[in-house]
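Have a look at the structure that comes next, please.
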Amino acid sequence: MSTFLYMADADRGRRWGELFRRDAPALDFRLWPEAGDPAQVHYLATWQQPEQLAERFPNLKLLFSTGAGVDQFDLATLPPSVQLVRMVEPGIVQGMVEYVLHAVLDLHRDRPAYRRLQAEARWQPLQVRTAAQCRVSVLGLGSLGEAVLQALRGLGFDCAGWSRSRRHIDGVQCFAGEAERADFLRRSDILVCLLPLTDATRGLLDSALFDALPRGAGLVHVGRGPQLVSADLLAALDDGRLAEAVLDVTDPEPLPAGDPLWRHPRVQITPHIASVTQPDTAAAVVLDNLRRFEAGLPLVGLVDRSKGY
Ligand code: NDP
Ligand code: OXD
């Protein structure tokens, strides 16, 4: 009998267990540390790559990330026989859509400025613009970026997206690759980062990128902390190149109490909660992937090791 080992948050894991026992009773679902016979562990779901994975689980076939990102895995040390699958499930998509819509609307409707005005008991209307007058741009057109753009488009924002390869999304101006990056940035009143962390995206949100945005742009960063050069962000906020920043991810995490980002009046921080995998929808997607694997069909969310995401 194959074992499916769940090695992440125990509360959510218990719910995965109920669903697996109900929908895949032939599978031996186990919650870490009750791993059973390690040689029977064919499937593993985890957020962090366990040390000595190959030695501990010599017959592992599929490794599921319990998150959408896989930068926490060391792809070089994963045996070639193990396929890595990231989380592509409706619950995590919905959470991200909610977070980004909230952040974009907050910036678009000048809520940070009104909070500052209220703190001074000042009644001062600012110019009201409609969504159609606000150009929102998303870095990354994957499962999350595309869903976010469709929701923003539904609210009437003027939308664009940027990816490595050419994508087509109805009603969204799609840009691709380095050659089109400057044009993309130039039309970004609010820039949302939803890129995976790779060598190519580390440090991408830096002074040069902020220079390429319209003066006074807003930033919503929900990708990964190391994509942002914090000192460059603080400088851009201080000299007015950027107006506001909403950061859900930082480097390091947790952000140390003394970090100047915490106290900057134009920075809003949340502790990497933009979106979280939801057990019910995630378990259904993983079970479907197991059936696909058995049938030799392509897996949903299979990581391309050559690209790193
Ligand atoms: P996907 O892998 O589905 O999509 C990634 C997108 O980024 C693709 O469009 C890809 O281009 C593009 N991309 C990657 N590298 C580059 C590059 N160098 N230049 C231009 N475009 C690039 O990822 P998801 O949408 O599922 O998730 C995105 C990220 O969101 C995750 O990796 C994670 O870091 C973050 N995340 C954050 C959460 C939070 O709570 N803050 C929660 C969940 C995820 P192409 O289409 O050409 O391949
Ligand atoms: C994820 C995350 O990648 O939580 O799912 O950031």
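Accessible area of Asp170, 1.4 Å probe, to the nearest 10 Å²?
Approximately 120 Å² of Asp170 is accessible to the 1.4 Å probe.
For region 92-269, max minus min Cα coordinate along each principal axis, in Å, sorted largest first?
Per principal axis, max minus min of the Cα coordinates gives 48, 36, 31 Å.
Can you give the Rg/Rh ratio of region 195-309, where Rg is from the C-alpha atoms and Rh is the Kirkwood radius?
Reported Rg/Rh, Kirkwood definition of Rh: 1.11.
Among residues other than Asp37 whose Cβ falls under 13 Å from its Cβ, what is the net charge (Lys/Arg +1, Asp/Glu -1)?
With Lys, Arg at +1 and Asp, Glu at -1, the neighbours total 0.
List the residues whose amide H sits under 5 Å from the amide H of Thr250, counting only those 5 or more places along or on another chain, with H placed 1.01 Å from N in the peptide plane.
Residues meeting the amide H criterion: Gly225.
Let me know the shape class of the chain, please: from the alpha-carbon gyration tensor, a ≥ b ≥ c as square roots of the eigenvalues, rounded when a/c is under 1.5, otherwise prolate if a/b is greater than b/c, or oblate.
Since a/c reaches 1.5 and a/b is larger than b/c, the shape of the chain is classed as prolate.
May I pose another question? What 222 nm value per residue comes from the helices of the chain, counting each DSSP H run with n ≥ 4 as -39,500 (n - 2.57) and dividing by all residues, nearest 500 deg cm²/dmol?
-9500 deg cm²/dmol
With every protein chain left in place, what is the accessible area per residue of region 185-287 in square angstrom, probe 1.4 Å?
40
Then there is this: Once amide H atoms are placed 1.01 Å from N in the peptide plane, what residues at a sequence separation of 5 or more from Gly161, or on another chain, have their amide H within under 5 Å of its amide H?
Result for Gly161 returns Val138, Gln173, Cys174, Phe175.
Further question on the same structure: Lys/Arg Cβ at +1, Asp/Glu Cβ at -1, dipole of the chain taken about the Cα centre: which of Gln268, Met1, Val303 is farthest positive-ward?
Looking along the dipole axis, the top candidate is Gln268.
Something else: Under a crude label model (7 Å from the Cα following the beta-carbon direction), how far is Ile273 from Arg129 in nanometres?
Distance between label points: 3.1 nm.
Give a residue-ordered list of calculated ³J(HN,Hα) values for region 217-227 (Karplus: 6.51 cos²θ - 1.76 cosθ + 1.60, θ = phi - 60°; whole Hz; x for Gly, Pro).
5, x, 10, 10, 10, 10, x, 9, x, x, 6
Turning to a different aspect of this structure: Per residue, how much accessible surface does region 28-149 expose to a 1.4 Å probe? Answer in Å², no decimals.
49
Same structure, new question: Would you mind putting 89-96, 162-169 in packing order, based on average other-beta-carbon counts within 10 Å, highest first?
89-96, 162-169
When the accessible area of the chain is computed with all protein chains present and a 1.4 Å probe, what percentage of it is carbon and sulfur?
For the chain, the apolar C and S fraction of the accessible surface comes to 52 percent.
Continuing with this model, one more query. Test of understanding: what is the full-extension gain from Arg21 to Glu98, defined as 0.36 nm times their sequence separation minus their Cα-Cα distance?
Gain in length upon complete extension: 24.6 nm.
Using only Cα atoms, what is the ratio of the radius of gyration of region 129-228 to 2.2 N^0.38 Å?
0.98
Check Ser2: other-chain or 5+ apart residues with amide H under 5 Å from its amide H, H built from backbone geometry?
Under 5 Å from the amide H of Ser2 lie the amide H atoms of Asp28, each far enough along the sequence or on another chain.
Here is a follow-up. Return the FRET efficiency for the residue pair Leu302, Leu31: r is the Cβ-Cβ distance, R0 is 22 Å, and the value is rounded to the nearest 0.05.
0.30
The values are calculated or read from the model by the stated rules, or taken from the named source; none is laboratory data. Keep in mind the model is a prediction, meaning the values are calculated, not measured. Glycine also receives a Cβ, built like all others from the backbone with ideal geometry; neighbour counts cover every protein chain displayed. For the accessible areas, the whole protein counts, side chains as well, though only heavy atoms, and no ligand, DNA or RNA atoms are used. Shrake-Rupley method; radii C 1.70, N 1.55, O 1.52, S 1.80 Å.
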